[in-house]
Each structure stands twice: as C-alpha cells, then as structure tokens.
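Down below is the structure, laid out as structure tokens.
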Amino acid sequence: MKLECARTWAEVSLSALGHNYRTLRAQLQPGCRFLGVVKADAYGHGAVTVARELERLGCEMLAVAEVNEALQLRDAGIKLPILIFGVTPVEFADRVVAADLTQTVFTPELARALSDAAVARGKTARIHIKLDTGMSRVGVLAHDPDKAAEEVAELFEFPNLVKEGIFTHFANADGDEAFTMLQFTRFLDTLERLENTYGLTFEIRHCAASAAALKYPCTHLDMVRPGIALYGHYPDPSCRLEGEQLQPVMSLYTRVSAVRQLPAGTAVSYGCTRSVDRDTRVAVLPIGYGDGLHRLLSNRLEVVLDGVRAPVLGRICMDMCMVDVTDLPGVQVGDVATVFGTDKPLEELADHLGTITYELLCDLTGRVKRINAE
C-alpha cells in the first residue's frame, strides 16, 4: 500500500481529462481556440498537473483567478499564455509583465500600471478587456454600448499595451436563454462601437464558459473557456451532450480504519443525533470536514463498499465518519470506500447539499492527496 493511499485520497484521471478536452473541442468550429480554466487549483484537481496535460494536448491558453496562481504555473515551467481573470493590485503590475502573463483590465489605474511596467522593462503587456454585460461583478459596464466603448478606448491611451482580447461572463447561461442572449447582444454591440467609432478590434473575443460552450455555439466566437465541463461535470442537466458524454476526472476514496460492533440503542458521534435501532456493525472511515467532506452530509451521505451503499451514521467529524455495514459482513479494516466517483456521482452529494459540483471539488483540502489514476 502506498502511503498516500493509506487514509483518504483523490484519484485524478488524465485520460478522462483528455477525453473531455477532445469531446469539447469537437463542438468547436475550426480555428476556435480552447482556454483551459485551471483556477482554484484546477477546481481541486491540481493546477500544475492539469496545466501540463492541457499543454501537451494542444490547449492554446490557460486561465487563473489571481496572480499567485499564475506565478505557480510559471514556476512549474508552464509556457502557455495564462490569462488572469481577476483584479491584480497595481503594485504587482511589474510581476505580471515580468512573468509574461496576460491581465484582465477594466480600469485606467491598472492599465497605466501595466503600461509603466512594460515601458520600464522594454516589453509589451498583453491585456484582455472585461465587459460587464450583466454579471454585475467586475468589468466596464456595458449596458450602454456607446459609453462602454468610450471607456474601453480610453484604456488604450497608454503605451506598450497589446489589446489581445476582450470578453464577458454570462450570469445564467445554464438557465436563462433570453438573459444570456441579452448579454451576448450587449457584448456584440460594444464590439461594433469599438470598431466603427474608435477603430479598435481584438484578436480574441470570448464569452463562452462551460454552459454556453455546450448550449450556444453562436457564442463561441474566437475562443471558449470551459471550466467544470473540462473536469467532467455539466453545469446543468440541460447542458448534456448528445452521444459522447463527459467523464468525471476525479474520484474520492477512503479506507476503513476500524470496524466496531455496537449494541442496539447506542448513540453515534457528536451531539448523539443518531442512535442505532439494532445491533449494528459500524465501519469507521478516516475522512471528515477537515478533508472537505461537508458536515451537512451527516446522516445523509452514503458511501460505496463492496459495490453496495452504506449510510453514514451520526455527524461527520473533522477527521472521521461512521457508516453502517451491518448488511456487509465482509467489510474489514483496509477496505476502500468510494465517496464519489464513477459508481457514486458527485452530483448526488451536491443535490443533498443544495449546492453545485464546483463547490465540492474546490472544498477538498490539501490533506487529501491527489494521485494519478492511471
């Protein structure tokens, strides 16, 4: 037994990642680029490992949320263009330029800082302009295309800035077609004003994350940027492909550390929220909320042991939880339980919690070792 598999671990399948990449790529028109989203440690899968594989597969660009994530990839030897989606404080503009990163820009302060850093280094700074067409988060507000175009044009008064891209973010592409098309129209109208009024065009126009990449081919433009779909999960059932399906990249396992025999009436775990109503055989699993297994799954989660589902008894602890294996007499110390994977969909856990698969993947802590499944 490998040490990293002695307790609790996640297996990351690079073959499934490659399958998803090729499946998503097949939805695109020739010449449409593919940006792989590897922010939040590649949605918990391991950013460096995933980035290296995407680089090998032929992905044209990567994206992260903030500058430290980008620098981690550069330090690991990743050469692909890396777009920083989020805000970088102006005092770190030189780090962005020095590492040859691509920065999202929507304020003159950051545009000026990047320009100054590029001039000082005798380089150029690649930027992508963010338009806020309805997410109401960050970006040049683009409800009025004429005003938005004027604000964007002012950002290019500074020297040594390369206007490589422009993008927006759909707020409800997996649920509201009308609002998505309103956002898309605002985006296109602003692009038209930029070209006709200011002579500004962009090499890469992009707005399709996973849901739009799957549902709305008209929004693909020059590049798509799948996130959750790349890792094998659909943003919504309405996004499912016909024919070839995406494959989950991560599976989560834990290993039985103890087996107990409890008499009927015994309370289990903190708070005594559950008592067994029969003589019960209990397996202790070394996984808890310290590993990212939500405490709200207490008395609700089922794991798979010997191909059979076993329910969690009582509250999930920081480092452990207990499951009922009375009807699984063969279970013993060392056996492997599946928390989620091919025979136990992650979507089931998300439904129990009223949340999304994104959150559960990102919540897995660093204590859970990620290992290559192949």
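Read-outs: derived from the displayed coordinates by stated rules, not from any lab. Computed from a predicted model, the values in this text were never measured in an experiment. Cβ sites come from the backbone with ideal geometry, for glycine too, and all protein chains shown count toward neighbours.
Taking R0 as 41 Å, what FRET efficiency do you get between Tyr270 and Met135 from their Cβ-Cβ distance, rounded to the nearest 0.05?
0.55
How much space per residue, in cubic angstrom, does the convex hull of the C-alpha atoms of segment 2-83 take up?
110 Å³
Take the alpha carbon atoms of segment 272-289, find their center, do the same for segment 150-168, and report the distance between the two centers in whole angstrom.
59 Å
Using θ = phi - 60° and the Karplus relation 6.51 cos²θ - 1.76 cosθ + 1.60, list the HN-Hα couplings for segment 93-106 in order, rounded to whole Hz, with x at every Gly or Pro.
4, 5, 5, 4, 5, 4, 8, 6, 9, 9, 10, 6, 9, 8
Once you've got the GNM for the chain with C-alpha springs shorter than 10 Å, pick whichever of Gln183, Gln27, Gln261 has the biggest mean-square fluctuation.
The residue with the greatest mean-square fluctuation here is Gln261.
Which of the trypsin sites (Lys or Arg not before Pro) found in segment 79-130 are in a DSSP loop and have at most 11 neighbouring Cβ atoms, other than their own, within 10 Å?
Lys79
If you place +1 on the Cβ of every Lys and Arg, -1 on the Cβ of every Asp and Glu, and leave all else neutral, what size is the dipole of the chain about its Cα centre, to the nearest 20 Debye?
Computed about the Cα centre, the dipole is about 980 debye.
Obtain the radius of gyration and the Kirkwood radius of segment 190-280 from its C-alpha atoms and give Rg over Rh.
1.40
Connecting C-alpha atoms closer than 10 Å in a GNM of the chain, tell me which of Glu60, Glu192, Glu203 has the biggest fluctuation.
Among Glu60, Glu192, Glu203, the largest GNM mean-square fluctuation belongs to Glu203.
Given only helices, namely DSSP H runs of n ≥ 4 each adding -39500 (n - 2.57), what is the per-residue ellipticity at 222 nm of the chain, to the nearest 500 deg cm²/dmol?
It comes out at -8500 deg cm²/dmol, rounded to the nearest 500.
Rounded to the nearest 0.05, what FRET efficiency do Leu296 and Thr185 give with R0 = 51 Å and r taken as the Cβ-Cβ distance? Could you check?
Computed FRET efficiency for Leu296 and Thr185: 0.80.
Gaussian network model of the chain, Cα springs within a sub-10 Å range: biggest mean-square fluctuation belongs to which of His128, His143, His206?
His143
Starting from a Cα-only point model with no solvent, please compute log10 I(q)/I(0) by Debye for the chain at q = 0.08, 0.09, 0.11 1/Å.
The calculated log intensity ratios at q = 0.08, 0.09, 0.11 Å⁻¹ are -0.49, -0.59, -0.81.
Under the Karplus relation 6.51 cos²θ - 1.76 cosθ + 1.60, θ = phi - 60°, what is the ordered set of whole-Hz ³J(HN,Hα) values for segment 29-38, x standing for Gly and Pro?
6, x, x, 6, 7, 10, 9, x, 8, 10
Pick out, in residue order, every one of the trypsin sites (Lys or Arg not before Pro) in segment 234-313 that is DSSP loop and has at most 16 other C-beta atoms within 10 Å; say none if there are none.
The qualifying sites are Arg240, Arg278, Arg300.
For segment 39-53, what does the Karplus curve 6.51 cos²θ - 1.76 cosθ + 1.60, with θ = phi - 60°, yield as ³J(HN,Hα) per residue in whole Hz, taken in order and with x for Gly and Pro?
5, 6, 6, 6, 6, x, 8, x, 4, 5, 4, 5, 4, 4, 5
Counting C-alpha atoms alone, how compact is segment 79-148: give Rg to one decimal and Dmax as a whole number, in angstrom.
12.8, 38
Using a simple spin-label model with points 7 Å from Cα along the Cα→Cβ vector, what separation in nm is obtained for Val48 and Glu195?
4.3 nm
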